[in-house]
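Data block below; observations after.
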Amino acid sequence: ITDTGWEPSHPDLLPNVKINYNDPINGVDDDNDGFIDNNMGWDLGSDDNDATFESAFHGISVTGLAAATPDNITGIAGVGYNTRFLPVKISNNVGTLTQAYQGIVYAADHDCFIINCSWGSFSYSQFGKDIIDYAIINKGCLVVGAVGNDDLETVFYPAGYPGVLSVANSNQSDLKSASSNYGYYVDVSAPGEDLWTTFPNGSFGENGGTSMAAPIVSGGAALLKTQFPAYNNLQIAALLQATADNLNALNPSYIDKIGKGRINLFNGVSATAPQFLGLTSHIATDNNNNNFLLG
């Protein structure tokens, strides 16, 4: 979860956090990864091992929807059921996202199969694209990106970079949420209105937007990866799209602009022979030495 941090004392989050047992808190970089005592995630905004939220609790709500602990007689159950989450704080102490794309690198380098990005902007950059390519192509990560809440067709990044599973927000009637961005680049929709999720001080409350729809997809992707462990990142993304419920008939003003449909995780985990066709573009270079080498 690349976001504004989490709450370590939250009873619905703590049981499912991913603990790095190879780097206990002792002031030493025991696992030699360049980060001292990154036992439960990392705060890139402050460059320390405490990924606790400071001024913006956005990340707490995102985390709960994907991975809140089930069956504990407390609060909610994250869509990912018992998936582990790694909190990667990408904001500074006033909530500004100062290390957003660096957070993707951190998550990719620490073996996260799914990287949730409930943030972004309309600005394209080669820097951002290179990092997305690194995570998806080099590290085999499934990057999930929210498409933003401006009711615009303008491409939103990182959701709009090739390979990112981009998520729009649908309401309880399977209509595009009034605020959700849209466009042909959108891959799927997910519920994103009036969602009950984790809040600060161990509490719960309602939140919404594509920021909240994205972790529902991330949690769903975790379920599918568990059901089909041999599937790679692109296959899990394809399965989510292939088994979604098409929303075109209900949204005639947004034909094919809110993805393949609203995700249907029952269809996903029950799939026996799903079919999906995607178009990808990949450019290879030989560094002008005319030699292609393995890997």
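The values are calculated or read from the model by the stated rules, or taken from the named source; none is laboratory data. The model shown is predicted, which means the values in this text are computed figures rather than measured ones. No Cβ is skipped: glycine too gets one built from the backbone with ideal geometry, and neighbour counts run over all protein chains shown. Ligands, DNA and RNA are stripped out before the accessible areas are found, and what is left, the full protein with its side chains, is counted by its heavy atoms. Shrake-Rupley method; radii C 1.70, N 1.55, O 1.52, S 1.80 Å.
D50 exposes around 80 Å² of accessible area when a 1.4 Å probe is run over every protein chain in place. For the chain, complete DSSP H runs whose alpha carbons reach 15 Å or more along their own long axis and whose mean Kyte-Doolittle score is -0.5 or higher are 210-227. Calculate the tail of P(r) for the range 1-96: the fraction of all Cα-Cα distances greater than 17 Å, expressed in %. The proportion of pairs with Cα distances above 17 Å equals 48 percent.
Label positions at T272 and F127, each projected 7 Å from the Cα along the C-beta direction, are separated by 5.1 nm.
Panel values: the range 1-44, Kirkwood radius from alpha carbon pairs, Stokes-Einstein at 10 °C and 1.306 mPa s, translational diffusion coefficient 139 µm²/s. Take every DSSP beta bridge whose two residues both sit in the range 110-256; close to 40 percent of them are antiparallel. Model label sites at D286 and S173, defined 7 Å from Cα along the beta-carbon direction, differ in position by 5.9 nm. DSSP beta bridges fully contained in the chain are about 35 percent antiparallel. Across all Cα atoms of the range 188-249, the radius of gyration (one decimal) and Dmax (whole number) stand at 14.0, 42 Å.
Between L142 and I114, I115, the built amide H atoms are under 5 Å apart, and every one of these is 5 or more places off in sequence or on another chain.
Of R84, R262, the order by accessible heavy-atom surface (1.4 Å probe, DNA, RNA and ligands excluded), from most exposed downward, is R84, R262. What is the sum of charges around I136, taking Lys and Arg as +1, Asp and Glu as -1, for the other residues whose C-beta is under 14 Å from the C-beta of I136? Here the charged neighbours net out to -2. Sequentially through the range 147-155, phi angles give Karplus couplings (6.51, -1.76, 1.60; θ = phi - 60°) of 8, x, 10, 10, 6, 10, 8, 4, 5 Hz, Gly and Pro residues having no value and appearing as x. Shown are D109, D47, D29, whose ranking by accessible area with a 1.4 Å probe and every protein chain present, most to least, is D47, D109, D29.
Relative to a virtual label point 7 Å from the Cα of S253 in the Cα→beta-carbon direction, which members of the range 166-201 show backbone nitrogen distances below 17 Å? Within reach of a label on S253, which here means backbone N under 17 Å from a point 7 Å along Cα→Cβ, the range 166-201 contributes 169-184. For the chain, the fraction of 1.4 Å probe accessible surface lying on carbon and sulfur atoms is 53 percent. 3J(HN,Hα) along the range 90-95, derived from phi through the Karplus expression 6.51 cos²θ - 1.76 cosθ + 1.60 where θ = phi - 60°, amounts to 10, 10, 7, 6, 10, x Hz, with x in place of Gly and Pro.
Pairs of Lys residues in the chain are counted when their Cα atoms are under 18 angstrom apart and they lie 8 or more places apart or on different chains; the count is 6. Rg/Rh, computed from the Cα trace of the range 226-295 with Rh as the Kirkwood radius, has the value 1.17. At q = 0.07 Å⁻¹, what log₁₀ I(q)/I(0) does the chain have when each alpha carbon counts as one equal point scatterer in the Debye sum? Log10 I(q)/I(0), no solvent term: -0.25. Of the residues N22, N267, N149, which exhibits the maximal mean-square fluctuation in a Gaussian network model of the chain defined by a 10 Å Cα contact cut-off? Evaluated over the chain, the most mobile residue of the options is N22. Rounded to the nearest 20 debye, the dipole size of the chain about its Cα centre is 980 debye, using +1 on the Cβ of Lys and Arg and -1 on the Cβ of Asp and Glu.
Using a Gaussian network model of the chain whose springs link C-alpha atoms within less than 10 Å, name the residue from T197, T74, T243 with the highest mean-square fluctuation. Among T197, T74, T243, the largest mean-square fluctuation in the Gaussian network model of the chain belongs to T74.
Per-residue ellipticity at 222 nm, computed for the chain from helices alone with -39500 (n - 2.57) per DSSP H run of at least four residues, works out to -6000 deg cm²/dmol. Work out, in µm²/s and without decimals, the Stokes-Einstein translational diffusion coefficient of the range 37-136 at 25 °C, 0.890 mPa s, Rh from Kirkwood over C-alpha pairs. Result for D is 170 µm²/s. Within the range 121-173, the proportion of Cα pairs with more than 12 Å between them is 63 percent.
The calculated pair-distance distribution of the range 164-295 uses every alpha carbon pair, bins of 5 angstrom beginning at 0, and gives 2, 10, 18, 19, 16, 12, 9, 6, 4, 3, 2, 0 percent.
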